[in-house]
Amino acid sequence: MASSAPQRSSLATSSRIHLQSSRVTVDENLLTENHNAEKRKLSQKRKTLTSCQSSICGYLSPWPTYATGQTILHNRKPCSDDYWKKIGGWKQSTLGTTKPRFLEQLENYLRKELLLLDLSTDSSQELRLQPYREIFEFFIEDFKTYKPLLSSIKNAYEMMLAHQREEIRALEPLKAKLVTVNEDCNERILAMRAEERSEISMLKKEKMSLLKLIDKKNEEKISLQSEVKGSTMVTKLRKSLAEEYLRYLTERDARKILIADLNELRYQREDMSLAQSPGVWGEDPVKLALALKMARQDLSRTQMELNTMKANFGDVVPRRDFEMQEKTNKDLQEQLESLRDDYEEVRKEHEILLQLHMTTLRERDQFHTELQEIQGTSTPRPDWIKCEDVVAGGPERWHMLAEGKNSDQLVDVLLEEIGEGLLREKDFFQGLGYRESILPSFLRFDGIVQNKKPTKKDVINLLKDAWKERLTEEQKDKFSDFFFKFLESRFGSEAMDWAYTIFENIKLFRSNELMRQFYEILMEKKSESVYIKQKETVTQLLKELTNVDNQNEGVLTMEQLSTVLKTTFPLKKEDKIQELMEAGGWHINSSHADLLNYRSLFVEDEEGQTMPFVHKLWDQYMSEKDEYLQELKQELGLELREEVTLPKLRETLKIIDPSLDKQTLNSYLNQAFQVPVIEVPEESEENQENVVAQVRTVLERLQIIDIRRKGPREQEPAS
């Protein structure tokens with residue numbers, strides 16, 4: 001609904017502008033017709049006035065000059081009361097003065113024309129000016145001597161009026177547009193005010209909810225403060241209780257000591273009283289024996305209570321010491337947990353460093369072995385500077401060709417340069433015959449074929465066109481058959497000449513990536529699915545980078561590039577991702593916030609050569625394929641000349657790549673054994689034991705197709 005309102009307002013605005021422009025066009029047409037009609041009337045009236053002017057032609061009236069000011073026609077409507085009053089007063093003031101006849105005729109004509117005008121239309125001012133224009137033309141025609149000057153004056157005014165009319169006509173649509181824009185602005189202002197009012201109401205509601213939330217938090221704060229105060233009070237009570245407990249213990253011990261002292265004093269006093277009074281010996285012995293027995297019983301009971309207390313509370317410690325030890329134990333536990341976490345991190349880092357160390361050792365041993373092989377088989381490095389004077393184009397072209405290439409690649413470049421010259425000297429090629437088992441279909445010809453001698457750029461463009469047509473059609477025919485049909489549709493009867501010419505060129509220029517791949521696919525050394533899959537991978541990567549570029553500026557940070565690469569290629573290791581980023585322009589000293597023009601990574605030059613980034617993708621794909629096939633060979637545990645059965649190869653592929661789906665697995669087996677393969681139950685696999693092939697043959701056949709890892713070999717155990 002919000003989007004429909006601006007659309008309706010824009011439609012209404014456009015319709016108003018169209019109506020106003022059409023109205024202006026109609027008014028202009030009417031004005032032009034009125035002007036033409038007035039001109040025709042002027043020519044007729046000029047004929048009627050010619051007879052009157054003939055009598056005074058070239059003669060100036062001697063009418064007094066003081067009366068000229070009274071004959072000026074003011075810019076008023078002829079039919080108004082003021083106008084007739086002024087005319088009446090003028091008549092009374094000029095009764096004694098006789099006007100020239102020509103002047104009276106002109107004034108009468110002017111009044112008559114002004115009365116006949118229709119001043120109710122929009123062009124009334126233009127029509128009102130017409131009688132004055134006619135009067136001025138009468139003056140010009142009558143006064144021959146001043147005719148050039150008066151005509152130039154009239155033309156100057158007419159040009160100025162025409163210019164003003166054009167400006168008015170040009171401003172009319174702007175005026176209508178201004179009104180429309182004003183209405184649109186008013187509508188927008190009203191809409192913005194409505195939005196602001198709704199937003200203000202929402203903000204007020206949010207403010208009230210926040211105020212309520214603040215009040216709630218304040219209440220929680222007060223309750224927490226009261227709880228903290230309560231906990232402080234409990235601590236104080238516990239402390240006072242411990243003090244009272246100690247005081248009572250002290251009082252109990254003091255009371256026992258006091259009782260013991262009192263008993264001692266009593267015993268001493270009794271001994272003294274017995275020693276002083278001789279009548280004590282007359283006490284009853286039975287009573288004394290009973291008292292002694294009771295004393296001994298009390299002593300035994302007290303001794304038992306003392307032993308019980310010692311047995312029960314011998315291991316008890318004071319609360320203060322217990323709490324102190326508990327706090328110390330808690331601190332030690334926390335330190336232990338922290339040390340355990342640190343130990344776990346250090347252990348993991350140690351394991352990672354061990355893995356890196358082992359990897360470094362393996363790489364060192366591999367590099368050492370390669371170095372020994374190179375030292376044993378290497379030859380003295382040739383002096384490539386000698387080729388500068390031999391190659392066409394001189395040193396500059398040789399430096400351009402040799403830049404960034406090793407000796408093996410320079411040999412290929414030099415052979416291409418020599419072969420290109422020899423190829424251009426040939427005018428004809430000898431046909432290779434009709435050997436169907438050896439030759440592809442586009443080379444089966446017996447006789448002489450003409451060398452078309454195209455340029456390298458022409459060959460590359462032709463190969464690109466062939467690939468475009470191949471990708472758009474259904475891939476039913478073999479690639480070699482399709483290529484010859486493509487040449488027949490393009491060159492007709494000269495298709496065989498072009499087939500041999502292109503074949504010789506792509507066989508020669510092996511350093512060109514597009515030509516080399518085309519040659520390998522034509523000769524069935526590579527499957528066309530390899531090229532198609534690589535193109536799809538590059539296209540998908542460019543699409544992912546474009547999706548990350550929200551502003552569509554064509555630039556991304558290195559961190560975003562790394563994230564997209566890890567997402568698109570989840571099976572690539574960190575060093576492979578690092579190689580791709582370095583090929584894209586990232587260096588060790590660069591920052592991850594540096595911007596990169598990612599679209600430039602996928603550009604191809606005129607010769608079909610890709611940028612280093614896409615070239616690195618292809619190199620990594622080939623190395624990953626070699627590693628995959630090498631891992632398959634090691635898992636088979638067989639020599640290259642030994643034979644492997646179809647069930648064993650299927651089981652081995654499942655072991656090294658558990659993520660393989662059935663369709664892909666069957667396609668690999670079909671290519672390896674060159675027989676149709678279907679998924680069969682385990683009890684029926686005995687029927688496929690007879691399907692065998694040499695390990696070398698299996699690996700060579702799998703090297704032709706697009707074979708790659710679908711997932712990790714082993715799933716990491718969940719921790």
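The values are calculated or read from the model by the stated rules, or taken from the named source; none is laboratory data. The structure displayed is predicted, hence computed values, not measured ones. In this analysis, Cβ positions are derived from the backbone assuming ideal geometry, glycine residues included, and neighbour counts consider all displayed protein chains. These area figures cover heavy atoms from the full protein model, side chains too; ligands, DNA and RNA do not enter into them. Shrake-Rupley method; radii C 1.70, N 1.55, O 1.52, S 1.80 Å.
Order these peptides, 442-452, 642-652, by their mean beta-carbon neighbour count within 10 angstrom, highest first.
642-652, 442-452
At 1.4 Å probe radius, can you tell me the per residue accessible area of the stretch 127-262 in Å²?
On the way: 11230 Å² over 136 residues.
Computed with neighbouring chains in place, this is 83 Å² per residue.
Return the loop-located GluC sites (Glu not before Pro) in the stretch 604-638 (DSSP other than H, G, I, E, B) with at most 10 other Cβ atoms within 10 Å of their own Cβ; answer none if there are none.
Counting only loop positions with at most 10 other Cβ atoms within 10 Å, the GluC sites (Glu not before Pro) in the stretch 604-638 are GLU606.
On the principal axes of its Cα set, how long, how wide and how thick is the stretch 515-583? Give whole Å, largest value first.
44, 28, 18
Where a Cα-Cα gap under 20 Å defines reach, which aspartates and glutamates qualify for LYS239, not counting those fewer than 8 residues away within the same chain?
Qualifying aspartates and glutamates at Cα under 20 Å: GLU227, GLU251, ASP321, GLU323, GLU326.
Pop the C-beta distance of ARG362 and ARG424 into the FRET formula with R0 = 41 Å and round what comes out to the nearest 0.05.
The computed FRET efficiency comes out at 0.25.
Of the accessible area of the stretch 601-658, with the probe set at 1.4 angstrom, what percent is carbon plus sulfur?
After summing per-atom areas, the C and S share lands at 47 percent.
For the peptides 240-252, 696-708, what is the packing order when you average, over each peptide's residues, the other Cβ atoms within 10 Å and list the highest mean first?
Per-residue mean Cβ counts within 10 Å order the peptides as 696-708, 240-252.
How compact and how long is the stretch 527-623, expressed as Rg and Dmax of its alpha-carbon atoms in Å?
In order Rg, Dmax, the Cα atoms of the stretch 527-623 give 13.2, 41 Å.
In the stretch 303-348, carbon and sulfur make up what percent of the accessible area (probe 1.4 Å)?
54
Tell me, what % of the accessible area of the stretch 127-262 is carbon and sulfur with a 1.4 angstrom probe?
65
When only alpha-carbon atoms count, how far does the stretch 127-262 stretch along each of its three principal axes, as whole angstroms with the largest first?
Here the spans come out as 168, 26, 16 Å, largest first.
Straight distance only, please: which lysines reach the Cα of LYS648 with their own Cα at less than 23 Å, same-chain residues fewer than 8 apart left out?
Answer for LYS648, where 23 Å is the Cα cut-off: LYS625, LYS633, LYS662, LYS710, listed by chain and number.
With 32 Å as the limit, write out which pairs from LYS485/LYS576; LYS525/LYS654; LYS464/LYS576; LYS229/LYS310 have Cα-Cα distances beyond it, or answer none.
As for pairs spanning more than 32 Å Cα to Cα, those are LYS485/LYS576; LYS229/LYS310.
For the charge dipole of the stretch 427-497, defined by +1 on Lys and Arg C-beta atoms and -1 on Asp and Glu C-beta atoms about the Cα centroid, which residue among PHE479, ASN461, PHE445 has the Cα displaced farthest towards the positive pole?
ASN461
Just to confirm, what accessible area per residue do you get for the stretch 334-376 at 1.4 Å probe, in whole Å²?
96
Just how large is the dipole of the stretch 425-525 about the Cα centre, in debye to the nearest 20, putting +1 at every Lys and Arg Cβ and -1 at every Asp and Glu Cβ?
320
How far apart, in nm, are the 7 Å Cα→Cβ label points at GLU243 and ARG708?
Taking the simple label geometry, GLU243 and ARG708 are separated by 8.1 nm.
Sort 500-513, 170-183 by packing, meaning the average of other beta carbons within 10 Å per residue, with the highest value first.
Highest to lowest by the protection proxy: 500-513, 170-183.
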